[in-house]
1. Quick one: how many residues across the range 73-100 are touching a residue at least 40 places away in the same chain (Cβ under 8 Å) and either among the hydrophobic types (A, V, I, L, M, F, W, C) or more than 21 Å from Asn113 (Cα to Cα) (or both)?
2. Please enumerate the residues belonging to the range 86-138 that are surrounded by fewer than 11 Cβ atoms within 10 Å (Cβ to Cβ) and of a type in the set (Ser, Thr, Tyr).
3. Just to verify a result, which residue in the range 20-45, among those that are of a type outside the set (Asp, Glu), outside any helix (DSSP H, G or I) and modelled with pLDDT of 95 or more, is most open to solvent (accessible area, probe 1.4 Å)?
4. From the list Tyr95, Tyr108, exactly one residue is closer than 22 Å to Ala45 by Cα and not in a helix (DSSP H, G or I). Which is it?
5. Mind listing whichever residues of the range 112-138 are within 13 Å of Ile22 (Cβ to Cβ) and outside any helix (DSSP H, G or I)?
6. Look at Glu83 and say whether it is touching a strand residue (DSSP E or B) at 6+ places or on another chain (Cβ under 8 Å), acidic (Asp, Glu) and assigned to a loop (DSSP other than H, G, I, E, B).
7. Quickly run through the range 1-12 and pick out the residues that are surrounded by fewer than 19 Cβ atoms within 10 Å (Cβ to Cβ) and not charged (D, E, K, R).
8. From the list Val63, Val26, Val38, Val13, which one is more than 13 Å from the chain's Cα centre (by Cα) and among the β-branched types (Val, Ile, Thr)?
Amino acid sequence: MKYYAILDTNVLVSAMLKTSSIPGIVASEAMYGDIIPVLNNEILAEYESVLRRPKFMFEERAVRIFLNELKRRAVYSDAAVIEDSIPDAKDVVFYAVLMEKRKEEEAYLVTGNLKHFPVRTYVVTPREMLDILREGRE
């Protein structure tokens, strides 16, 4: 079973810091497995900006490969107008794209910062996303 998911930038950073971590497994599923990444140009620009920050010291080649794989598998979606309150303005686009995608498909927002988003069953941690994948495979 395939699952649509918007990956919060913190999940990608964690994945690149430690590929064998739970966020790393989720990112791998988005690049090669059962997660279909959902993007728009603003989310992609955020990924590129954050992953290229000098403080992370990620190799340019690794960032390029990582982002190219996500883009290769991704579907693109507009951002819906949302009424929910999102504490950090930079996070609005992730939730807005989720809500637009959910108009046509079941989709999830995978984040390490649940407190940044409204409490919803489709806003999940990387661990919860892995559990959803596992249940779908049974």
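The values are calculated or read from the model by the stated rules, or taken from the named source; none is laboratory data. Note that the coordinates shown come from a computational prediction; the quantities given were computed from them, not determined experimentally. Here Cβ is always computed from backbone atoms with ideal geometry, including for glycine, and neighbour counts include all displayed protein chains. Surface areas here come from the heavy atoms of the whole protein model, side chains and all, with no ligands, DNA or RNA. Shrake-Rupley method; radii C 1.70, N 1.55, O 1.52, S 1.80 Å.
1. 6
2. Answer for the range 86-138, where residues must be surrounded by fewer than 11 Cβ atoms within 10 Å (Cβ to Cβ) and of a type in the set (Ser, Thr, Tyr): just Thr121.
3. By that ranking, first place goes to Ser20.
4. Numbers: Tyr95 fails: not in a helix (DSSP H, G or I).
That would be Tyr108, the only listed residue that is closer than 22 Å to Ala45 by Cα and not in a helix (DSSP H, G or I).
5. Gly112, Val124, Thr125
6. Spelling it out, it is not the case that Glu83 is touching a strand residue (DSSP E or B) at 6+ places or on another chain (Cβ under 8 Å), acidic (Asp, Glu) and assigned to a loop (DSSP other than H, G, I, E, B).
7. Passing the criteria: Met1, Asn10.
8. On the way: Val26 fails: more than 13 Å from the chain's Cα centre (by Cα); Val38 fails: more than 13 Å from the chain's Cα centre (by Cα); Val13 fails: more than 13 Å from the chain's Cα centre (by Cα).
Checking each option against the conditions leaves just Val63.
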